[in-house]
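None of the figures in this text is laboratory data; all of them are computed from the coordinates on show. Quick caveat, the model's predicted, so the values are computed rather than measured. Cβ atoms come from the backbone with ideal geometry, glycine included; neighbour counts cover every protein chain shown.
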């Protein structure tokens, strides 16, 4: 194996093992910034050692052992061993009292348990801004480099680096504990974790800017984080609801992009290209959410909506009346102009474009949608179906001016041109 191939193999190992490694180290040193530094040190050591000797049979254990030794050295240098001993419990204190040499190596190697879950909660702590939570989560749990995160979100690397540094500093200065939230706090903290994962997924599924309609690698990162969370919190219905939603939406990925990279909208997609394995996984996750009593959760409701499309072999077989009904439930649960806009689309499909346009027209003065390109896009589509081509053209042109995604802009301008031809 060449040196470059070995480096790629080591990078692959890092992607798999880094989150568990950082989580375990954070439990030990109680500082997520220091934990990441120690993990990176272990990676550097691996690059030096494994390039010569090859990757060991259990690379995760090797990385953890190397990082753990460095953590112990750090604790001793920082004169924090005494405080750490107290945290390790009475048994270790008893050993010291009887003159036994404490096996700090073994004591710090307690079962990992919920470390990954703790790392998710601390990375997505509400004390951090949304942008910081996303960046820190992708860095610590996704194993992405600063440059990869910057490319994914089309922002400068320095911006991402600053967000991560500030986030770790904030967590340290505020002494945010590395623990699982309990009681009433759990719901809000879990909601923050779910929000971050779905934000990452959505940026991959419908890129807000740039030349590409989709960024599949971000979808994959979010799905992996969601699946891990579902394993770590199996009794949380909304976790399964989110996983169901992402699985079903991801199943359409191959059909959403044409041969030249152009967007292909839902009703125009070749459903034979939908990934049936992901659909089955999504429907199974949705069933788990419902069995746990979470059918009315926001993510489970959105997954139920996605399931209506997944179960229809042809677009004309879609149960739009049920979709409209589910949106009515969702808009009562989480009132939002965007959800109301989606309900308008469902109403138009179930009961005709005039029914949808009546709802859309109530949203045109909504301040939060003033720069939301999908409002004029939807309105243009409904006007086109009603034969009002001049008005539709203006709406599509307005939508094209609001979107920052090049592919989507091209699609909207093409629709505007088609309306202009119909006028003529």
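Observations
- From the alpha carbon centroid of the range 125-185 to that of the range 266-326 is 32 Å.
- In degrees, nearest ten, helix 337-351 long axis to first principal axis of the chain (Cα): 50
- Length-normalised contact order for the chain - Cα pairs under 8 Å, 6+ apart - percent: 10
- Pairwise FRET efficiency - residue 262 versus residue 316, Cβ, R0 = 22 Å, nearest 0.05: 0.45
- Folded to 0 to 90 degrees: helix 389-402 orientation relative to the chain principal axis, Cα: 20
- Ordering of 48-54, 158-164 by packing is 158-164, 48-54, highest average first (other Cβ atoms within 10 Å, averaged per residue).
- Rel. contact order, % - alpha carbon contacts under 8 angstrom, at least six apart, the range 206-295: 32
- Degrees separating the helix 157-173 axis from the principal Cα axis of the chain, which is the longest one: 60
- Mean Cα-pair separation over length for the range 268-424, i.e. relative contact order, pairs under 8 Å, 6 or more apart, %: 13
- Compactness of the range 117-175 as Cα Rg over 2.2 N^0.38 Å, two decimals: 1.03
- The chain - mean residue ellipticity at 222 nm from DSSP helices (-39,500 (n - 2.57) per run, n ≥ 4, rounded to 500): -22500 deg cm²/dmol
- GNM top mover of 196, 155, 32 - the chain, alpha-carbon springs below 10 Å: 155
- By the beta-carbon count within 10 Å of each Cβ, the least crowded to most crowded order of 275, 319, 115, fewest first, is 319, 275, 115.
- Added length on full extension, which subtracts the Cα-Cα distance from 0.36 nm per residue, residue 191 to residue 77: 37.2 nm
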